[in-house]
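Working notes, structure below.
The values are calculated or read from the model by the stated rules, or taken from the named source; none is laboratory data. All values derive from a computational prediction rather than experimental measurement. FYI the Cβ positions are ideal-geometry reconstructions off the backbone, even for glycines, and counts take in every protein chain you see.
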Ligand code: GA4
C-alpha cells in the first residue's frame, strides 16, 4: 500500500541548496576541520536540528563500497531476502515500518550496531552476501561511532557541558544502543511520476542520526514555521539530525527535527542512517549544567530502555516525547 499525497501538502518552491540563490532556507554546511565548527554546530542544532557535514574524514571508497554491496543485497531474489524477514526489529523489511501499521514505499535492512548482538535475522542478512558486505558494515559502524562522538564532543565544548564527555561517552561505550538502517526506495516505473510517501514524517528517538544517501532526492525536513523543505542530496556528505534524546538532555534548546522521504524521482534512492543511541540502562534527563533550577526542567527522567519501549508502542508520526513532559 502506498499513500498518495495531495499536491497542496508539498511545497516544492522551497528548495534547499546553499549554493543556489534565491533560497529561502539555508541549511548550514559545517566543515568539521574548521576552528569554529563547534559554534556553528550548536547554532544549527538550535535553529534546525539539522545540518550538513563536509570534511568528515570517512574514506570515500568505503562509502561507495558499502553502497554497492547494499545495492547487490537489495537485488537478491525475494526468496533469499525473506529469510531475514520480518524485522524483529532487526533484519530485512519491506513496506512495513515498525509494529503499528506504518507503511512506506521502500525495502530496508535494520542492524544492531553491535552486530554480534543482532538477532538471527541479522545473520540471515549476511548469509547470501560476500564477506566484504559485513566487513564494510563493520568498518562503517566504527566510523559512525567516531563521527557521532566527535559531533557530541563539539557540542559539549561549545555548551561547556559538565561533567566532561557527558554526551559523547553515551555513544562511545560498547553498551551504546545504536543501529544502522539501509533503505532502498525503488525507482518508479510509471511516468509521470507521482509523489508518494517513501518514509513518513517522524523524529528519531536517539541522540543524533547520521544520514548519507546517493544523489537521489527525496529527503525533506520540517522547519520552525512548519514548512517542509527539500534537502538537496549530496552523496559525499553526511546530514546530522538531532534526535529526541538530545532534545531532552538540552532541555529543549535543541529540537529533534521532523523529517520524511518523498519518492518522486525515476531514480532509486539508497540511504544509510546511523542512529547513535545511549546504553539501555542510561538515565535520560535535562543536564543540570544547562538547567540550574530543577523547576525549569521540561522533562521527567526516564531510561533509554523505557523510551524505546514506549516508542515501539507509537505510530511513526506520533509525538513521542509528550509522555515524558512535565505538566
Ligand atoms: C524511527 C527512527 C529509526 O528508523 C528507527 C525506527 C523504528 C523502526 O523502524 O523499527 C520505529 C521508529 C524509528 C520510531 C517509532 C517506532 C519504532 C518504527 C516505529 C513505528 C529504527 C528507530 O529507532 O525509531
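Cβ-Cβ distances below 6 Å connect the following pairs, each with a first residue in the stretch 304-325 that is more than 10 Å from the ligand (Cβ to nearest atom), a second residue that is assigned to a loop (DSSP other than H, G, I, E, B), and a separation of six or more residues or different chains: 304/278; 304/280; 304/282; 305/280; 324/300. Filtered by the rule that a residue be in contact with a strand residue (DSSP E or B) (Cβ under 9 Å, 6 or more places away or on another chain), within 25 Å of residue 262 (Cβ to Cβ) and assigned to a loop (DSSP other than H, G, I, E, B), the stretch 86-101 gives 86, 87, 89. If I filter the stretch 102-128 down to residues being more than 12 Å from the ligand (Cβ to nearest atom) and assigned to a loop (DSSP other than H, G, I, E, B), which single residue comes out as nearest to residue 269 (Cα to Cα)? Of everything passing the filter in the stretch 102-128, 128 is nearest to residue 269 (Cα to Cα).
Here residue 147 clears all of (1) crowded, with 21+ Cβ neighbours inside 10 Å; (2) free of Cβ contacts under 8 Å to residues at least 40 places away in the same chain except the condition numbered (2). Could you list all residues from the stretch 256-278 that are more than 27 Å from residue 188 (Cβ to Cβ) and touching a strand residue (DSSP E or B) at 6+ places or on another chain (Cβ under 6 Å)? If the condition is that a residue be more than 27 Å from residue 188 (Cβ to Cβ) and touching a strand residue (DSSP E or B) at 6+ places or on another chain (Cβ under 6 Å), then 256, 274, 275, 276 are the ones that fit.
Of the residues 263, 245, 250, the single one that is surrounded by 20 or more Cβ atoms within 10 Å (Cβ to Cβ), at pLDDT 95 or above and away from the ligand (no atom under 16 Å from the Cβ) is 250. Please indicate, with yes or no, whether at least one residue in the stretch 75-90 is surrounded by fewer than 17 Cβ atoms within 10 Å (Cβ to Cβ), modelled with pLDDT of 95 or more and within 19 Å of the chain's Cα centre (by Cα). Among the residues of the stretch 75-90, not one is surrounded by fewer than 17 Cβ atoms within 10 Å (Cβ to Cβ), modelled with pLDDT of 95 or more and within 19 Å of the chain's Cα centre (by Cα), which makes the answer no. Screening residue 30 on (1) surrounded by 14 or more Cβ atoms within 10 Å (Cβ to Cβ); (2) touching a residue at least 12 places away in the same chain (Cβ under 8 Å); (3) under 19 Å from residue 187 (Cα atoms); (4) more than 17 Å from the chain's Cα centre (by Cα) shows it passes everything except condition (3).
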